[in-house]
Amino acid sequence: MLLNKHTIREYLQTPDPEPLFQAARDLRQEACGRTVTIRSILEFSNFCCRDCRYCGLRLSNDRLHRYRMEKEEIVEVACSIIERGIQTVVMQSGDDFAYTGQELADIISAVKHVHPNAAITLSVGERPFEDYRAFREAGADRYLLKHETINANLYAAHHPGKTLKERLACLMELKRLGFQIGTGFIVSLPGQTLEHLIDEILFFQELQPDMAGISPFIPQSDTPLRNEPMGSLDMTLRMIALARLVTRDTHLPATTALATAEPESGYKDGLKAGANVIMLGETPEHYRNDYKIYDDKFRTNLPSIKRIIEANGDVMCLDRGDSLKQKS
Ligand code: 5AD
């Protein structure tokens with residue numbers, strides 16, 4: 001569905017968002033069916049060379065205990081996750097250049113060698129384009145790189161020394177290399193305006209990403225934004241619903257941040273607003289508490305997720321869940 005600025009603004013401001021959620025739900029069912037697909041996430045290193053002001057992994061945070069899993073351990077854990085059933089593993093880390101492009105490619109090849117039919121999604125930030133090529137050649141299927149905010153000034157304010165332009169250039173190169181691409185943004189990032197949110201929806205409408213994550217801002221106690229208010233849940237849900245309307249069949253997760261902001265009903269509300277994916281943290285127990293992107297990250301397990309999905313009348317799916325976009 002094509003939406004213009006005026007209509008998007010109305011949806012963001014209307015006192016009763018229920019009709020918007022209903023329309024998004026209906027469209028989700030039509031375009032994606034009743035399945036909610038599960039992805040597992042393995043957070044294999046929390047080292048990061050960037051200094052994003054909202055993120056607990058930022059370089060300047062010297063209160064974080066850092067860990068970096070060995071290559072063999074990453075392969076072993078990724079394989080065991082796949083063997084337990086979930087057929088997409090998202091391998092995520094900070095922007096950690098201690099792993100060379102070749103080393104990450106070797107990890108991907110090793111997992112793909114054992115499990116050629118599983119999908120590997122990488123989320124390892126901005127890297128030289130030759131690394132992206134090596135990852136693709138090693139068999140990586142998808143790449144998540146949130147643009148975080150589509151406003152260049154707000155982007156520059158929150159990402160010291162970085163530009164939106166280079167972020168988007170990475171995304172375009174990933175797409176060109178044949179990855180299914182995922183992007184996304186943070187709702188209620190300090191400094192964000194309603195106009196920025198409208199531009200996010202127009203951006204999705206144009207890009208038609210394979211996947212898109214929409215998360216509320218959650219303050220992290222060891223960052224400069226520690227005292228800023230938690231992102232608006234209502235606005236996050238409206239943005240998920242609008243993303244559904246303009247992208248139709250993009251994979252949209254009910255994000256972990258959404259569940260963190262609203263532990264009781266975050267996932268359920270996300271599904272009711274048109275989301276069709278849930279990510280399950282599968283980082284080994286002794287590392288996961290150090291992956292402090294934001295505070296009090298929500299933790300759950302597959303049986304609880306299954307209950308939420310089925311209570312909503314949907315069906316849980318552990319398959320690869322490839323992009324629903326037509327590839328030209
Ligand atoms: N609140 C919400 N999302 C955050 N991220 C990082 N810090 C925060 C925060 N404080 C998200 C970013 C990043 C992803 C891995 O985590 O969108 O892309």
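The values are calculated or read from the model by the stated rules, or taken from the named source; none is laboratory data. Computed from a predicted structure; not experimentally measured. A quick note on method: Cβ atoms are made from the backbone with ideal geometry, for glycine too, and the neighbour counts reach across all protein chains shown.
Looking at 319, 296 in this structure, which one is surrounded by fewer than 16 Cβ atoms within 10 Å (Cβ to Cβ) and within 13 Å of the ligand (Cβ to nearest atom)? I'd like the intermediate steps shown before the answer.
Numbers: 319 fails: within 13 Å of the ligand (Cβ to nearest atom).
Sole residue among the options that is surrounded by fewer than 16 Cβ atoms within 10 Å (Cβ to Cβ) and within 13 Å of the ligand (Cβ to nearest atom): 296.
Taking residue 58, is it buried (at least 18 other Cβ atoms within 10 Å of the Cβ), in a helix (DSSP H, G or I) and under 23 Å from the mean Cα position of the chain (by Cα)? Reasoning before the result, please.
Values: buried (at least 18 other Cβ atoms within 10 Å of the Cβ): yes; in a helix (DSSP H, G or I): no; under 23 Å from the mean Cα position of the chain (by Cα): yes.
Judged against the criteria, residue 58 is not a match.
For the range 156-168, name all the residues that are crowded, with 18+ Cβ neighbours inside 10 Å and either in contact with a Gly (Cβ under 6 Å, 6 or more places away or on another chain) or free of Cβ contacts under 8 Å to residues at least 24 places away in the same chain (or both).
Step one: list which residues in the range 156-168 are crowded, with 18+ Cβ neighbours inside 10 Å, which gives 158-159, 164, 167-168.
Correct list: 164, 168.
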note = When the range 93-119 is checked residue by residue, the ones that are buried (at least 23 other Cβ atoms within 10 Å of the Cβ) and touching a helix residue (DSSP H, G or I) at 6+ places or on another chain (Cβ under 8 Å) are 104, 107, 108, 111
remark   = Flagged pairs (Cβ under 6 angstrom, 6 or more apart or on separate chains; first in the range 142-155, among the polar types (S, T, N, Q); second in a loop (DSSP other than H, G, I, E, B)) are 149/189
key: Residue among 21, 47 that is in a loop (DSSP other than H, G, I, E, B) and on the phi < 0 side of the Ramachandran plot   = 47
ask   = For the range 69-92, how many residues meet the condition of being part of a loop (DSSP other than H, G, I, E, B) and either at pLDDT below 95 or surrounded by 15 or more Cβ atoms within 10 Å (Cβ to Cβ) (or both)?
value = 3
key: Residue selected from the range 208-234 under the condition out of contact with any Gly (no Cβ under 7 Å at 6 or more places or on another chain) and away from the ligand (no atom under 13 Å from the Cβ), by the criterion farthest from residue 147 (Cα to Cα)   = 234
Residue that is under 21 Å from residue 299 (Cβ atoms) and touching a Pro at 6+ places or on another chain (Cβ under 7 Å), where the choices are 90, 77 = 77
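Look at the range 46-92 and say how many of its residues are among the hydrophobic types (A, V, I, L, M, F, W, C), within 12 Å of the ligand (Cβ to nearest atom) and closer than 20 Å to residue 219 by Cα.
Initial filter on the range 46-92 (among the hydrophobic types (A, V, I, L, M, F, W, C)): 47-49, 52, 55, 57, 59, 64, 69, 74-75, 77-79, 81-82, 86, 89-91.
In the following step, the residues that additionally are within 12 Å of the ligand (Cβ to nearest atom) were identified as 48, 52, 55, 57, 90.
Those still in the list that are closer than 20 Å to residue 219 by Cα too: 48, 52, 55, 57.
Looking only at that region, the number is 4.
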